[in-house]
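Here the structure comes first, spelled out in structure tokens, and everything after it is commentary.
The values are calculated or read from the model by the stated rules, or taken from the named source; none is laboratory data. Not measured: the values here are computed from a predicted model. A quick note on method: Cβ atoms are made from the backbone with ideal geometry, for glycine too, and the neighbour counts reach across all protein chains shown. Keep in mind that these areas ignore ligands, DNA and RNA; they rest on the heavy atoms of the full protein, side chains included. Shrake-Rupley method; radii C 1.70, N 1.55, O 1.52, S 1.80 Å.
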Amino acid sequence: MKKMSLILLATFSILIVTSAFSLQVTRITLEGTKLLYPVSLIATSLKNYDVATVTRVVDGDTAHLEIILGRYQDTSTRFIGIDTPETVGPRKPVQYFGKQASAFTKKILTNQKVYITYDQNTRDKYHRLLAYIWLKSNGKYYMFNAILVLNGYAHNYPYFPFKEEYTKAFHECEVYAFEHNLGLWSKNEALEKPKEEETSGGLKIVYTDATSKDEYVEIKNESNHPVNLSGWKLKSDPNQWYFFPAITLQHGESIKIHSGHDASGQYIWTRRYIWRNKGDICWLYDPSMKIVDVYKY
């Protein structure tokens, strides 16, 4: 076993920041790196946890753990509830901000002692362990999954069901990172942006009507080829989902998804109101749960 670095400094600043979505954020320092952390996920104790050493980081959201106290042995572990840009997939190119996310996880976790907790599903289809990764310092526990999302290294990824309070917190962390241009949401043009066809599939959120009793969000196919919407999803805060039917949008065609008391048209999300009048964010996901467009008003 490699020598572990067990000293993990975490210090709080006086400043606590509140986002537009009521997320309280504080500042901590881990391994000499200043980071943001959600106040709601600071834990003083954990239940039903295992203790492990991170022996190898695969990429931003996957690592090999050597379980030293618990029910499993050395195993590949996927961090539940999040998704970092791809760096090692044999069928995909290295995605935008993937190298940065992988380097960050390696810096913080390599050879560290961590505490892992689980949820409804403990394995994915590749038989990887699904876990929340916690770091302990000064008697408190900090969830690395949330750190990745809040600091812009990962997307919220509710593909596997997980605890409701974490679902809400991860979503708010992603909104905060987006609003503050952190990490993969950065507007720094010096960073290499991906080609559109690698990320968007040509579908764009072009408009949201949030003020009428028949509110709607409009999605348009701006690619030069048809796009089947089966498996595509829309998300609004806090984690309200719309699943598209199996229809095909031709080039230039658009679809409106209606909501509200007077919702009309062929595609109705819900009779409840979805969109905030004074500002909101709409997220568009492809069938693999990658965010392909974000619309803020």
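Answer yes or no as to whether Ser288 is in a loop (DSSP other than H, G, I, E, B), among the polar types (S, T, N, Q) and more than 17 Å from Ala210 (Cα to Cα).
When the stated conditions are applied, Ser288 passes them.
Any chance you could count how many residues in the range 269-297 are open to solvent by 60 Å² or more (accessible area, probe 1.4 Å) and within 23 Å of Glu222 (Cα to Cα)?
3
Among the residues in the range 212-221, are any buried (at least 18 other Cβ atoms within 10 Å of the Cβ), part of a loop (DSSP other than H, G, I, E, B) and at pLDDT 85 or above?
Taking every residue of the range 212-221 in turn, none turns out to be buried (at least 18 other Cβ atoms within 10 Å of the Cβ), part of a loop (DSSP other than H, G, I, E, B) and at pLDDT 85 or above.
For the list (1) hydroxyl-bearing (Ser, Thr, Tyr); (2) loosely packed, with under 15 Cβ neighbours inside 10 Å; (3) closer than 23 Å to Ser22 by Cα, I need the number of the one condition that Thr208 fails.
(2)
Take Thr110 and decide whether it is under 30 Å from Ser236 (Cα atoms) and either open to solvent by less than 10 Å² (accessible area, probe 1.4 Å) or over 16 Å from the mean Cα position of the chain (by Cα) (or both).
no
Which residue out of Gly265, Gly252, Gly279 is in a loop (DSSP other than H, G, I, E, B), among the small types (Gly, Ala, Ser) and within 20 Å of His171 (Cβ to Cβ)?
Gly279
Only residues that are at pLDDT 80 or above, of a type outside the set (Gly, Ala, Ser) and buried (at least 20 other Cβ atoms within 10 Å of the Cβ): list them for the range 87-107, please. Step through it out loud before you land on a result.
Initial filter on the range 87-107 (at pLDDT 80 or above): 97-107.
Adding the requirement that they be of a type outside the set (Gly, Ala, Ser) leaves 97, 99-100, 104-107.
Matches in the range 87-107: Phe97, Phe104, Thr105.
Out of the residues in the range 131-176 that are in a strand (DSSP E or B) and in contact with an Asp or Glu (Cβ under 6 Å, 6 or more places away or on another chain), state the one that is most open to solvent (accessible area, probe 1.4 Å).
Checking each candidate, the answer is His155.
Take Ser45 and tell me if it is open to solvent by less than 90 Å² (accessible area, probe 1.4 Å), modelled with pLDDT of 95 or more and more than 22 Å from Phe178 (Cα to Cα).
Working: open to solvent by less than 90 Å² (accessible area, probe 1.4 Å): yes; modelled with pLDDT of 95 or more: yes; more than 22 Å from Phe178 (Cα to Cα): yes.
Answer is yes for this residue.
Before we move on, is Val17 at pLDDT below 90, surrounded by fewer than 15 Cβ atoms within 10 Å (Cβ to Cβ) and within 23 Å of the chain's Cα centre (by Cα)?
Answer is yes for this residue.
What number of residues in the range 48-73 are under 20 Å from the mean Cα position of the chain (by Cα) and either part of a strand (DSSP E or B) or surrounded by fewer than 15 Cβ atoms within 10 Å (Cβ to Cβ) (or both)?
5
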